[in-house]
Amino acid sequence: ATIPPIPFMGNYNCRDKQCREFLSKLDELCYKYCYERLLRRHEKEPDFVPLEPGRCHFMNATSRAAVALVSFPGSGNTWVRRLLEQATGICTGAVNCDYRMRSAGFNGEGLKSGSVIAVDTHNTASQWTEVNVPYNESSPSYGAAILLIRNPQHAMVEEWSRQVANDVSALGKTIVHVEKKHFGNDPKWNEFVMKNTKVWQHYFRGWAIRGLKHPVLVVRYEDLIRPDRIGEIVKKMLAFLEVPYSEDELRDRLKEDLGTLPQHRGDFEHFTHKQKKHVRQAIAETFAFLKKWNRGDTLDVATYLNT
């Protein structure tokens, strides 16, 4: 059975079921725009899944800076959004409005303020504000960030498969199977690997390094999909976000997700020797760069190099 959102706690008390009264004028416009976009899509494609009832509510952002959920595409950002909403009942946001995600029940699509628990972004350029400064509507920025990392080889396979299949994997728990011919020596795949290896590196330079004066929590995707560690990592994220939770309720909520943990793709080799060498060199360089800036604990390089 689906676990309902937790009751409103303390400063989350509000009149509306989703606490939309906490939204600024800009947030309200974004909320309505994304919903209307979904309705227009449904009119064009009658078979398109209509909006699912929202299971989350918003927060009062007047004294809370926005928190970024930063990741390279294919690193499990949708999975983390699902976990955070499941654990707290609070909506996550996103820098863009994806009507497919909105349809899947992510009601915070398009919201970039502190009214959501975290804002999903794939922007490699960090956008920092002063810590604990309220959200500025004219220039959205972040006072803290959760940096979600994943082995770049697995992340690139995930994202390339999504692009080839044109699938959003809406709840972060479905696997898109793409034929072997789209990998290996395929020219488009090779171009994708060479380009995005550098992009993957830029996430660490832009957020982990330039954000030295800001709170940054690094979370490994590989830990989040381990049944013996998922509870520990979710608690660490909630503590970082300063969101209260009940141990018993959290344990019950995570039971639902343990049955839908994402799985790795295909049993064939996706990378050529040259491509793998290129990616591994980038991993080693990134680790050395992070270590130089006393951020060496952000990447278990041994694990990533041995895959």
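Miscellaneous remarks
- Members of segment 88-100 that are surrounded by fewer than 23 Cβ atoms within 10 Å (Cβ to Cβ) and part of a helix (DSSP H, G or I): Tyr99, Arg100
- Among the residues of segment 186-217, those that are surrounded by fewer than 19 Cβ atoms within 10 Å (Cβ to Cβ), at pLDDT below 85 and among the hydrophobic types (A, V, I, L, M, F, W, C) comprise Ile209, Leu212.
- Scanning segment 220-240 for residues being acidic (Asp, Glu) and open to solvent by less than 70 Å² (accessible area, probe 1.4 Å) gives a total of 2.
- Residue in segment 141-149 that is open to solvent by 30 Å² or more (accessible area, probe 1.4 Å) and either modelled with pLDDT under 70 or more than 22 Å from Glu269 (Cα to Cα) (or both) present: no
- Of all residue pairs spaced 6 or more apart or on separate chains, those with beta-carbon atoms under 8 Å, a first member in segment 140-154 that is charged (D, E, K, R) and a second member that is open to solvent by less than 10 Å² (accessible area, probe 1.4 Å) and in a strand (DSSP E or B) are Arg150/Ser71.
The values are calculated or read from the model by the stated rules, or taken from the named source; none is laboratory data. In this text the structure is predicted, and so the values were computed from the model without any measurement. Counting neighbours? That spans all protein chains shown, and the Cβs are built from the backbone with ideal geometry, glycine included. Surface accessibility is based on the protein's heavy atoms, side chains included, excluding ligands, DNA and RNA. Shrake-Rupley method; radii C 1.70, N 1.55, O 1.52, S 1.80 Å.
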